[in-house]
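A short reminder: the numbers here are calculations on the coordinates, not readings from a lab. These numbers come from a predicted model, not from an experiment. For neighbour counting, all protein chains shown are included, and Cβ atoms are generated from backbone atoms with ideal geometry for every residue, glycine included.
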Amino acid sequence: MAILATLVAACQSTPVFDDPSLAEVREKRLEWSGRTVNVRGTIEGCKGEAWGCVLFSGPSDDKRSVLIIDFAPELEPQLAAVAGREILLRARVTDECARQICTDRGPDIVPLQILKVY
């Protein structure tokens with residue numbers, strides 16, 4: 001029982017990476033997979049479409065500055081409601097589609113919570 005309590009405590013104290021650039025998250029997604037980050041960028045899409053939920057900074061055609069957001073049914077309406085606005089998003093980094101071929105969004109991050117809308 002003590003081992004379980006220690007593991008739970010360790011999971012709850014996982015550090016959050018505050019404000020890494022979107023390019024840094026994308027470049028380090030294999031290394032950072034499973035880590036929680038707070039990232040800031042402009043949200044686009046997120047209306048339940050297979051391809052259309054992204055967070056970007058700078059020009060949207062700059063692939064290094066775009067993160068694809070995984071589908072999260074509980075957050076999708078909130079994300080869609082702030083489309084076109086800059087947000088601070090708490091998310092978990094995933095390398096799921098960096099290691100295999102994905103046929104839908106191919107996420108870089110899994111949204112957990114909108115922390116702030118600017």
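Please list, in chain and number order, the residues 5+ apart from Thr94 or on another chain whose amide H is under 5 Å from its amide H, with Hs placed from the backbone.
Placed amide hydrogens put Gly34, Ile109, Val110 under 5 Å from Thr94.
Modelling each spin label as a point 7 Å along the Cα-to-Cβ direction, I'd like the Val16/Leu88 distance in nm, to one decimal.
0.8
If you plug each phi of segment 70-78 into the Karplus form 6.51 cos²θ - 1.76 cosθ + 1.60 with θ = phi - 60°, what whole-Hz ³J(HN,Hα) values come out, in order, with x for Gly and Pro?
So the Karplus estimates, Gly and Pro as x, are 5, 6, 10, x, 6, 9, 3, x, 5 Hz.
Check Gly52: other-chain or 5+ apart residues with amide H under 5 Å from its amide H, H built from backbone geometry?
Placed amide hydrogens put Cys46 under 5 Å from Gly52.
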